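What follows is a single structure, written as structure tokens, with notes after it.
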Protein chains: 2
Amino acid sequence: VSVHLPKGTRDFLPEAMRARHRIISQVQAVFDRFGFEPLETPAIERIETLAGKYGDETDKLMFRIHKRGADAQPGECDLALRYDLTVPLARVLAMNPDLPLPFKRWQIQPVWRAERPQRGRFREFWQCDVDIAGSRSSAADAECVAVADAALRAIGFHEYTIRINDRRILSDLARSAGAQSLEQELSVLIAIDKLDKVGVNAVQAEISGRGFDPNGLAPLWAALASQVEGEQALEALSPALSESGREGVATLKEVIRTAIAMGVDPARVRVDVSLARGADYYTGPVFEVAANDPSVGSVAGGGRYDGLVERLSGRDVPAVGLSLGLERLLVLLEGAGALSGIEAAPTVLVTVFDATTLAASSEVARRLREGGIATELYVGDGKLKAQFKLAARRGHRWLAIIGPDEVAAGTVTLKNQRTWENVSVPVEQVVGIVAALDPGTGVR
Amino acid sequence: VSVHLPKGTRDFLPEAMRARHRIISQVQAVFDRFGFEPLETPAIERIETLAGKYGDETDKLMFRIHKRGADAQPGECDLALRYDLTVPLARVLAMNPDLPLPFKRWQIQPVWRAERPQRGRFREFWQCDVDIAGSRSSAADAECVAVADAALRAIGFHEYTIRINDRRILSDLARSAGAQSLEQELSVLIAIDKLDKVGVNAVQAEISGRGFDPNGLAPLWAALASQVEGEQALEALSPALSESGREGVATLKEVIRTAIAMGVDPARVRVDVSLARGADYYTGPVFEVAANDPSVGSVAGGGRYDGLVERLSGRDVPAVGLSLGLERLLVLLEGAGALSGIEAAPTVLVTVFDATTLAASSEVARRLREGGIATELYVGDGKLKAQFKLAARRGHRWLAIIGPDEVAAGTVTLKNQRTWENVSVPVEQVVGIVAALDPGTGVR
């Protein structure tokens, strides 16, 4: 019998599950409050839906599913596990032309990528996306930023900066450097995207090496050298921009102003005119939420992708979205001890003395559960000693002990597992007394 | 571009998602209260883990995943989508020998089966399982029954009967009919399992046809003919049983007594000495929760399977479990209108007059959201008329209208979408007034 997990996958045992549930439900509550609506799509999609949407290299990383049935040729695959949540969204938009627009949805589901497993990277991992489809307004971009900001604060993560730029600004400068097609623009942008890691000189060298003129980007180098920030940097760049770039500048200012009105702390927002973001489909504002600890890197990112839905689905729907790095955030919060307060076990363990007292113990468990108190009834084969050991190991806060004496008297002995104090209480009052002694039950 | 779903799969659009979320969270709350712990396992398992565990026919229904990489042979599959939640549980038990026993887990995740799609049956569907591993006590069996009963009541489904039997009773009678191996016993049980559908005469004929003597089951036919019910039927059968069968009778009585002490209504529990349940791995008590409407059939089922975990994982762990028919229950509840009260849209739609008032509208949205009121800010490209249309279509209960007059006065015009009444309120008081006018917000 094989008792291994597939490479790059994980079981989530109860403790991990409780932490994930808490974080995910906090994030969902924020999404709901912002008026985003839940969507789920199947894990499997048709190969035709997925293939060719991400590039050849990525197609190789898909988990492809062999066709079933007697007529399937060896190696014939008709389905694959979804690779992200964006292509499925585009498919949903194409298949549901009656959905009222703008359609704001959140989606938290696993995706599968056969990448080489490494520390903190998995082949099955959860994506957590918000997208707004069907609006060209900068209010939609701002709302994606604001909802991500509110979600991060809701889960207790506060050490971050929101970097923001508009793809049209860098594209404009790339054209001044000699780029003549979208492909060439992207080639320059990919070089600029490495600025944080390799510095200005190396980026300029790479741009030259790719056959473009780094002097065309002089306003960018000047802005970076003078360390002007935010809207000042935009002002410094504006004279060098064409109409498209100036539209980018104007949009960016609107997005920031609106996001702040929506509740984003202005101190967290930083215009970063060198922010390119890798993906080739962005057409307007782009965002990246960076942890202030540089070793952590990005915890969320996104942008506007007005052409992508049409390319994926044939239906022209402008869209903007943002993806929270849920897996990374869970690791960060765990490392910061933020997930340690989560209740590890039901509040009470009701012990079972022997078969003759089982019904009495069961009734006490029933009363506690109906009173809203999470209760474990011991249903194992062990004696009292084994039950006490289990309670110590699992961390129940109370033992409810019912032996023959208690059955005769109609009482329960409640034992506080921290103080080891005992109190004998009538069965009818057990819920009220546990709730009174232990405010952590949340029962009033 | 392919815009089809794979056969037998579904998208869950927002309305369906909200109904599923509500039902699933109600069920989870009951599981938690009973001390069951959450577990999730990967969608993909190694072929070796799954193959040969369910029989040849079932192996053909698995979605097998083609091996990645240049060295994969055409048709070479190394992984498959999980087929149920029981084999993954057995793998988890085998891989985690330190888990304290009894281990009580709940698991609600999709499974994949390439069955011919038909009405109400899907190739991707959710299973909802509770299992208790590591206990031979009848308290564990009773707790599975009690938690299923409590979960059904929590989701508002009340029209059901819990049928219960012990596999050892029928096995005993099957031996009297001439069965000499487990396989032959199962052959007789499969015939008996059809009793509800085909009647006693047809079952007897099938038993004869399979080469066994239906007269060996005379006590069963007598019990069925006399229509004695419950424990009386057990008494009637007992004289005909060997020690194993009598153990079954004793266990069954204990399970019923304990389940009732745990809160199950005695009127719902019915001993059914003809209940066999199909699966070949049951070794003790078996249960089936049947909707009182016979056209609906079973909504939950399970039983004790003491040998299965060892067969699947090599680790000998007795276990009992129960599966709620979540998909069927959702259809039933929807049909009964029980899911119609679920909020279809955020409470308030904040309108946007034009670009000059966007910041003011955004601030009102921020106040409402921070006050805990689910709020849609209009982020589309349409004029006020389009916004009103959207609100009518989506069903927001309130419009918060902010035009230039309101901006100048520092007010919001709140419009009740049901009564069409307007009220002008200061921006600072918008949360309190919406909460006071609309108790449905839940804000106090």
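Observations on the model:
- Summarising the amide proton neighbourhood of B:Gln127: residues at separation of 5 or more, or on other chains, whose placed amide H is nearer than 5 Å comprise B:Gln109, B:Val111.
- Anisotropy class of the range A:372-444 from Cα gyration tensor, a/c 1.5 cut: oblate
- Per-selection metrics, chain B (Cα): Rg and Dmax in Å: 28.3, 93
- Cα centre as origin, Lys/Arg/Asp/Glu Cβ charges: the protein assembly as shown dipole, Debye: 140
- The residues of the range B:96-118 occluded by other protein chains by 40 Å² or more of accessible area, set against the chain on its own, are B:Pro100, B:Pro102; surface from heavy atoms, 1.4 Å probe.
- Net charge in the neighbourhood of B:Ala90 (other residues with Cβ under 9 Å of its Cβ; Lys, Arg +1, Asp, Glu -1) is +3.
- The distance from the alpha carbon centre of the range A:216-283 to that of the range A:353-407 is 63 Å, rounded to a whole number.
- For B:Leu377, residues with placed amide H under 5 Å, excluding near neighbours: B:Val350
- Working note: Karplus 6.51/-1.76/1.60 with θ = phi - 60° gives the range A:398-408 the couplings 10, 9, 10, 9, 10, x, x, 4, 5, 4, 4 Hz, where Gly and Pro are set to x.
- With label points set 7 Å from Cα along Cα→Cβ, the inter-copy distances at B:Asp265 are 5.4 nm, sorted shortest first.
- Only protein atoms count toward the accessible area here, which uses a 1.4 Å probe; on the protein assembly as shown, the carbon and sulfur part of that area reaches 50 percent.
- Taking the label point 7 Å along Cα→Cβ, A:Pro97 and its counterparts in the other copies are spaced 6.2 nm apart, in ascending order.
- Where A:Glu243, B:Glu48 fall by accessible area, highest first, once all protein chains stay in place (1.4 Å): A:Glu243, B:Glu48
- A/B buried area, accessible surface, summed, 1.4 Å probe, Å²: 8000
- Over the protein assembly as shown, dividing the summed -39,500 (n - 2.57) contributions of all DSSP H runs of at least 4 residues by the number of residues returns a 222 nm mean residue ellipticity of -12000 deg cm²/dmol.
- Gaussian network model of chain B, Cα within-10 Å springs - most flexible of B:Met17, B:Met262, B:Met62: B:Met17
- Solvent exposure ordering (accessible area, 1.4 Å, most first) of B:His4, A:His396, A:His66, B:His21: B:His4, B:His21, A:His66, A:His396
- In sequence order, calculated HN-Hα J values of the range A:301-312 (Karplus, 6.51, -1.76, 1.60; Hz; x Gly/Pro): x, x, x, 8, 9, 5, x, 5, 4, 5, 4, 7
- The value obtained for the protein assembly as shown, namely the Cα convex hull volume divided by the number of residues, is 186 Å³ per residue.
- Note on surface exposure: B:Val431, A:Val130, A:Val423 rank A:Val423, B:Val431, A:Val130 by accessible area, highest first, 1.4 Å probe.
- For the range B:177-238, the Kirkwood radius over C-alpha pairs fed into Stokes-Einstein at 4 °C and 1.567 mPa s yields D = 107 µm² per second.
- Residues in the protein assembly as shown average 41 Å² of solvent-accessible surface per residue, probe 1.4 Å, ligands and nucleic acids excluded.
- Virtual spin-label span in nm between B:Asn292 and B:Ala250, 7 Å along Cα→Cβ: 3.6
The values are calculated or read from the model by the stated rules, or taken from the named source; none is laboratory data. Remember, it's a predicted structure, so these values are computed and weren't measured experimentally. Heads up, the Cβs are rebuilt from the backbone with ideal geometry, glycines too, and the neighbour counts pull from every protein chain shown. When the accessible area is computed, the model is the full protein with side chains, heavy atoms only, and any ligands, DNA or RNA have been set aside. Shrake-Rupley method; radii C 1.70, N 1.55, O 1.52, S 1.80 Å.
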